[in-house]
Amino acid sequence: MKRSQKLAYKREFEASKKDGKPFFPYAVAHDLIVATATLGVVIAFAVIFRVEIGEPVNPATTDFVPRPEWYFFFLFELLKIFEGEDALTPVIMATFIVPNLLMVLLIIWPFIDRGPERRIWRRPVSVVTAIVVIFMLAYLTEEGANSPGGAVAADELEIPGIENFPEAEAGFELYLLNGCASCHMINGVGAPGPGPDLSKEGEKGRTDEWQIGHLKNPPEFVPGSSMPAFTNFTDQQYQELAVFLNGLGTDFN
Ligand code: HEC
């Protein structure tokens, strides 16, 4: 800050101090009123617009695909950017290093940018930085919103010939999105167990009804089965999964 600017600021400060009101009790009273009113509005909203309570939580479920709330999608996506050989690096980078670097930057920013200028068109570096950061957050949020949360990404698992069967393709999508690949393997992609390799599931000659029944309640069809029941699909989705499963190794490979 230049000397003349400093003096001008001091003069302005003295002048405002003379006819201003002290922090206590005036500003404190203001804050108290606004905070109480805000809280009142929140309570009123909670009473008027009741939030629906969903199904009871089942801690043993394995068909639940965890996905963050939308305002965490950028962090969710950040995890994928740092995806590498080991499992720990993305977690450390995306949940600790990068966010904390940004927070530290925010805290020290007033000490870096000491210019007295307030008009935004005179501050091109700050404005461009802000726009770039906001754009990056928006971009990562958008990417995170559209990326599947399942164990296998669609581009890793290829099933040649499935593109000729739209219903099976929809079932394939459900397979990828619902964590099936965390217990099953198809064409070498997925988990080696505890579920069997499904690459040739179609050759077993199961009917679609059998597949749908098995998805809804595995032990009824395979005594002692440890596969979790999938009870939340629509009739159409069960059908799509059945067509997909019964086409594996027969209609497509
Ligand atoms: C927690 C692990 C697990 C998950 C998740 C899982 N399965 Fe299974 N699955 C198993 C096990 C264990 C078996 C063997 C017992 C059985 O057949 O029920 C099995 C068997 C199967 C079979 C073979 C049935 C047969 O004998 O022909 C099919 C098909 C199948 N699963 C499809 C799916 C689909 C589709 C999903 C996702 C919607 C899925 N599984 C998710 C564990 C799992």
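We did not get these values from a lab; they are worked out from the coordinates using the rules stated. Note that the coordinates shown come from a computational prediction; the quantities given were computed from them, not determined experimentally. Cβ sites come from the backbone with ideal geometry, for glycine too, and all protein chains shown count toward neighbours.
Couple of notes before you dig in:
- Percentage relative contact order, the chain, counting C-alpha pairs under 8 Å, at least six apart: 17 percent
- Semi-axis lengths (Å, descending) of the ellipsoid that matches the C-alpha gyration tensor of region 70-146: 29, 16, 8
- √(5λ) per eigenvalue of the Cα gyration tensor, region 207-253, largest first, Å: 19, 14, 8
- Those aspartates and glutamates that a straight Cα-Cα span of less than 19 Å connects to Lys6, excepting residues fewer than 8 apart in one chain: Glu14, Asp113, Glu117
- Estimated [θ] at 222 nm from DSSP helical runs (n ≥ 4, -39500 (n - 2.57)) normalised by residues in the chain, nearest 500: -16000 deg cm²/dmol
- Helices that extend 27 Å or more along their long axis by alpha-carbon positions and average at least 1.6 on the Kyte-Doolittle scale are, among the DSSP H runs of the chain, 28-48.
- The chain: C-alpha gyration tensor shape, a/c 1.5 cut-off, then a/b vs b/c: prolate
- Shape of region 3-48, Cα gyration tensor, a/c cut at 1.5: prolate
- Point-charge dipole on Cβ atoms (K/R +1, D/E -1) for the chain, about Cα centre, debye to 20: 2960 debye
- Residues Tyr71, Tyr238, Tyr9 in ascending order of nearby Cβ atoms (within 10 Å, fewest first): Tyr71, Tyr9, Tyr238.
- Computed on the Cα atoms alone, the convex hull of region 162-247 gives a volume of 90 cubic angstrom per residue.
- About the centre of its Cα atoms, region 1-149 shows a dipole size close to 1660 debye [charges on the beta carbon of Lys, Arg (+1) and Asp, Glu (-1) only; nearest 20 debye].
- Shape category assigned to region 82-201 from the gyration tensor of Cα positions, a/c cut at 1.5: prolate
- Each residue of region 178-191 was assigned a 3J(HN,Hα) from its phi angle through the Karplus curve 6.51 cos²θ - 1.76 cosθ + 1.60 (θ = phi - 60°); the sequence is 10, x, 4, 6, 7, 10, 10, 10, 10, 6, x, 10, x, 9 Hz, with glycine and proline shown as x.
- Exposure rule at most 14 other beta-carbon atoms within 10 Å, DSSP loop trypsin sites (Lys or Arg not before Pro): the chain longest free segment: 120-199
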